[in-house]
Structures are given as C-alpha cells and as structure tokens.
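The structure appears below as structure tokens.
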Amino acid sequence: MGNENPGRCHGLNYDAPLGLFDAPAIQTCDQSRRPADTVTHPLEAGDATPIDFSSRVAYKRSQTNRNTHKRSIVLAIAYNQRTHRCGELRRADEGKAVILAGWVNSSRDHGGLTFVDLRDHTGLVQLRFNPDHVKAAHEQAKTLHNEDVITVTGTVVSRGEWANPKLSTGEIEIEVDAVDILSRSDPLPFQINDEFDAGEELQLRYRFLHLRRPEMQRIFRMRHGIARAIREYFHANGFAEIETPCLTKSTPEGARDYLVPSRVQPGSFFALPQSPQIFKQLFMIAGFDRYAQIVRCFRDEDLRADRQPEFTQLDMEMAFVQADDVMAEVEGCVQRIFNTVMNIDVPVPFPRISEHEAMNRFGVDRPDTRYDLELQDVTDLVRDIDFRVFREPIEAGGVVKCLLARGGDKLTRKVTDGLAEEVKGIGGGGLPLVKVTSTGTGVEFTTGVSKYLQPIRDRICEQLGAEPGDVIFFMPGTFADVCKYLHLVRTRLASILSLIPKDRWNLLWVVDFPLVMWNEDEQRWDSTHHPFTAPRDEDIALMDSDPGKVLSKAYDLVLNGTEMAGGSIRIHQRDIQQKVFSLLGISPEEALRKFEFLLDALRFGAPPHGGIAFGLDRWVMMLAGCDSLREVIAFPKTQRAICPLTGAPTPVAQSQLDELFLALKPPPGKAKP
C-alpha cells in the first residue's frame, strides 16, 4: 500500500461507494492528508479489526456546487453535526446519544478507566473511556495529550455520588462509544488549563493559545456582547452606522499621527485617523441627523496599561441637540450595556458635577465617588499660624487642603513615609500630617507637624469632624498642584484602608469644563478638549477679554474614577470657529490648510450638533475586571509597540521603498548599515 493514490489512506478506498467502511470507530490518521472532498474514518495500516456497527457513527451528505454537480462527504464522526457544546449538558440530558468536539483539557488514568476533560468555548465535560464498553476506544484514549482536537460519540450518564459541584456539567459524564482524533498538538509553550506564570511576550507570541483559556474566552464573549448591545441600541433609536475613511489628512497636534506614504502622490502622506471627529460633523452638515459607528482609531503615542496604538471606540453625533440630549442617549446606551451584559440595572439620569467641583472635592476631573474620602479646604484656618510651609503658598495666592483618613492610626510610619516619597516623585515637596489622639481632657495632635497646629487643633477637628484614631494629611501650594498631589494620596489611601466597595458601579457626568487652558511652557492657550468644542453662549463675550473664564459645552462620562467617554456640542458657526482658532494661535492660513474642508462646509448651512466618543476597549476592560487594555484586545501590541505574534513592525524590501520614493535615515546613535 503506497501513497501514490491520493484516494487511499491506511487501507481505505475513498472512491468506494458511500456508506460505513469496514473499520473500527476509534482509529485515526492525519486528516490533513485526506482528499478535500472526502473525509472518512481510517483504519490503521494492517489492522484487520472487525467492524463494530454499534460504535460507529458515519453520515452521508450531498452538496450542490455552482455547476449543480454533487459531491458526497463521509466522516468517521460527524463533527459538523455536533448535538451539543461541551458546557451545555445537564442532568436532564441523561440517556441522550451525543456528538461532541473540542480540545483535550486534561486526562487521567484511573486503573481500569480513563477520564478525559473535553473543552470548548462553553466549558468542560468529562468523558469516560471504559475498556469493558469499547476496548479500542479506551486504548486510543491513552494516547491523548492536552490540546489534541478530538470528536466523540457516546451517551450521557450520571456521575452519581462522584458528581463535581464545581462544574456546570458536574452531575453527568459521557460514556464514550467512539473517538476520532482530528488534530494532534505539539508540546505547549505554557499550560492552558491552569493559572500560569508566563511572561507577556510569550503569551502574545502564542496569543492564539492564550485566547483558548476560559478567562480569555469570557472576556471576548463579553466584548462581543457589549458591541452588540451598542449597535442594537443605536439602531433602535434611529442612528445610521456609516463608515469613515481610514486614510485621511494629517493634522499634527496632540498625539502623533501614523503616516502612510502615497505611491501615486510621491512625497505626500495619508494619516490614519486618531478619531473620525471632522467626518462625523460633516455627516451632520450632510443631513444624516443621527450617526453612530464602532470605529478603529490610531495614535502614535507612548504606551502604558490603558493605551494602545490602535484602539476601538464608539463614535456618535446628533443634529439639532443640546448637551442634555446627547447625554440622555448615552445614558440609555450605557443602561442597555449594563442590563444586557452584566444583568445590572443602573439608574438614570446619572449624577452631574462641574469640573471645578470635581477638582475641589476630589482633586481630579474624573472622580471615583465610590468612597467618601474628600479634599477639604483649611486655608482660612491655617492662614495665621507660624508655619512657613503653609504661610508662603497662601501669601502667593495658593491654598492649603487636607484629607481626613478615618482609622488612619493603622498607618505605620513606613506607609506614611512611602506616601510622602510618592508625592515627591510627582513634583511635590512632601506630605505634612498629624495623628489625632485622645487625652484625658480632649484630643491631641501628635507626630509630623503637630506642634505648629496645636493652637488651632480644636477648630480643625470641629471643621473636619476629626476623632481620635484619625490621620490628617495636609498639602499647601497652588490649587492645581494641591489637587494633583492629594488625588494621588486619596487613591493610595483608598487601597491601603480598603475603602473601595466591591461590585459598585458609580457613573457620573463631569460638565462645565474650561474652554481653554493656559500652557505655561508655550505661553499660549490650548484647547481643554479639541478646537471644535463650542463655548457656552453666555461666555462668548469673554473670549476676547478673559478666555480663562470661558466654559465650554463639553461633558465627560466617568465610571469609578476612569474617564469612559468625552464629548461636546460642536461649533456650527464659522465666525465662532475662526474666533476659537485665533484664540488658540491658529492663523487663518494654518486653519485653512488643516481644516479647509470643515470650514468650507460651515459656509453651507450647518445645524447645531454635538456628540461623544467612548473607548470600547476601556469599557470591556472595566466591566471584565481587567487591569490592562492588552487583555481585551485580541492581538495587542506590547509597551514597545511590537506585535510578538507577527513580528510587526518589520523592515520592508528596498524595492517597496523605491516604489514610494522613500529613503531611510538611521536613528540617532545608530550607524547606517
């Protein structure tokens, strides 16, 4: 028996009449060597085992191609006609004949019996191979290794007293009649069925294996559920999903663009979109009224846990709306996501807080409101004490704020010193503190800067509600610096003191952002959001006289201290848009060069419009309980912006560079090859 005839494998004639072949159910061969049109159950070379029809599963099927010619396929076990998925079977299915397929998760030899856990995306089910039932199947089971791909037939039976309450299928198992090995697995670079300590590079190099893990399957099924809920919501509410270009114009501001050289326009470049911002505004000017798209975006920026060079966001825009209308639609969408994916009802409308109030109370414009630890202003209380560290910042127009840590007496010197070092690490001068203790006559301040505050300790305790056992952390400086440093301390204390409740989802809107921020280094105004954000109507007059006091029609959605979405009402009048460009130092010539198509569109009747964008990846990360965006993107990049799976980015052939009229310049410090 040779290999010259592709219609034969291990003694089986694939050209024979369709039907059951004279072969035992449990033997197998390399399916990749079988003819494409015929798949059958093979016989080991030289094996003359008589057929056991009780353990055979085969089927005949006809397909009609475009030429109406029919072809027939015979499978040893009809894996494409699975009766169930592995994790679906329950006690109520006892006695059913089933066809299953999946990966070998583990196997155990218990003397006379062999048990195999079979896995697919729905879960595990235990297979029982009994030599007294089908000896040949039992022998074949002994050859199985983790991640072999198999298909089996058998009967659902009860596990009785050996039930496993940890498995959804734990009350039953499959008594196997036949097994077909569809594919063998090489030894694994890491184990899939256990928690493993494999480095990120290794996980991403074999990402297809990493994605087999049940936890990864859960994450990406959730991602699908979130995307589906979003699309269904916006479809039901009259939004059109329209694609925007992936090759567009570079507008070099903010994050760097990914550039794509044009072969047909030598010396010119496309940019991959950082967002479809301008295009969705053009959709409103075009009259589409409501637009929503799940879209891929790109930014060439330094990476960290919550950044990737390519990411997915929901982009939404509406015409003839004010901020309340946009926020109401977003609330409805978020409510649908939580209800559909998490089975949680979130109340609407979400609370709202101004940007200034958020900074004043929490030290950040994306506050985590799951716990009460808030910044408190004690500037007036400490203004007259003889303590230069407080007095000088106040005289310079600054503030003194503090945090009251309930039960802070648990904080050791090592912990408080560590907090002070972290503050110094982001530019602060330290972290003054006092501990509140009890005496026979009242309360006392001890340690730290207590000697400077003793004269006003009763007034401080009264204002803050401080009690023995508490610790008070102070911070003097400019308003911005104090907020920055105490936000860090607040976040660390919440973790150290276990203040964050589990399974709580606090959503809120942050509104009334400044339109512009002063850039001290560049000595100019920068957009707080982007240059197309509309100022509040009542503040337009201040744009010439006091730009720093102009508030915008912008809004951010925050979940548990993470910014999840950001949007605004857009500028729809060309004169206001030009005024904002002028305020930002963008000359008419530069504005025309960068945004000519938008400015041109504003000349032809632009409706009032607004919208929002939120990162789909970040929503999945939060709801799935992950720590990094890399966990929720199927094929992510490392922190060095490399894909270990494909090796991208890679050098390209010189001929490709020549086609693009490009010559490479070696980076600094690297000699030209």
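The values are calculated or read from the model by the stated rules, or taken from the named source; none is laboratory data. Note that the structure is predicted; figures quoted are calculated from it, not measured. Every residue, glycine as well, gets a Cβ built from its backbone with ideal geometry; the counts of neighbours run over all protein chains shown. For accessibility, only protein heavy atoms count, side chains too; no ligands or nucleic acids. Shrake-Rupley method; radii C 1.70, N 1.55, O 1.52, S 1.80 Å.
Quick rundown of the values:
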| quantity | calculated |
| --- | --- |
| Check on residue 181, in contact with a strand residue (DSSP E or B) (Cβ under 7 Å, 6 or more places away or on another chain) and open to solvent by less than 50 Å² (accessible area, probe 1.4 Å) | yes |
| Test for residue 330: is it crowded, with 19+ Cβ neighbours inside 10 Å, in contact with a strand residue (DSSP E or B) (Cβ under 9 Å, 6 or more places away or on another chain) and closer than 29 Å to residue 487 by Cα | yes |
| Residues located in segment 531-567, provided they are in a loop (DSSP other than H, G, I, E, B) and either surrounded by fewer than 17 Cβ atoms within 10 Å (Cβ to Cβ) or not charged (D, E, K, R) (or both) | 531, 532, 534, 536, 540, 541, 546, 550, 560, 561 |
| Hey, residue 152 hydrophobic (A, V, I, L, M, F, W, C) and over 19 Å from residue 185 (Cα atoms) or not | no |
| Residues of segment 396-413 that turn out to be open to solvent by 30 Å² or more (accessible area, probe 1.4 Å) and at pLDDT 95 or above, as a count | 2 |
| Flag if residue 165 is over 15 Å from residue 91 (Cβ atoms) and exposed (fewer than 14 other Cβ atoms within 10 Å of the Cβ) | no |
| Test for residue 603: is it assigned to a helix (DSSP H, G or I) and surrounded by fewer than 18 Cβ atoms within 10 Å (Cβ to Cβ) | yes |
| Residue check for residue 511: in contact (Cβ under 8 Å) with a residue 24 or more places away in the chain and in contact with a Phe, Trp or Tyr (Cβ under 8 Å, 6 or more places away or on another chain) | yes |
| Considering residues of segment 438-467 that are β-branched (Val, Ile, Thr), farther than 24 Å from residue 414 by Cβ and in a strand (DSSP E or B) only, the residue least open to solvent (accessible area, probe 1.4 Å) | 443 |
| Cβ pairs under 9 Å, 6+ apart, first in segment 218-231 and part of a helix (DSSP H, G or I), second buried (at least 17 other Cβ atoms within 10 Å of the Cβ) and among the basic types (Lys, Arg) | 229/336; 230/336 |
| Residue satisfying condition, being within 16 Å of residue 532 (Cα to Cα) and either crowded, with 20+ Cβ neighbours inside 10 Å or of a type in the set (Asp, Glu) (or both), within set 302, 315 | 315 |
| Verdict on residue 242 being open to solvent by 20 Å² or more (accessible area, probe 1.4 Å), closer than 19 Å to residue 567 by Cβ and modelled with pLDDT of 95 or more | yes |
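Each row is one residue, and each column tells you yes or no for (1) among the polar types (S, T, N, Q); (2) within 17 Å of residue 495 (Cβ to Cβ); (3) in contact (Cβ under 8 Å) with a residue 24 or more places away in the chain.
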residue: 370; (1), (2), (3): no, yes, yes
residue: 383; (1), (2), (3): no, no, no
residue: 388; (1), (2), (3): no, no, no
residue: 432; (1), (2), (3): no, no, yes
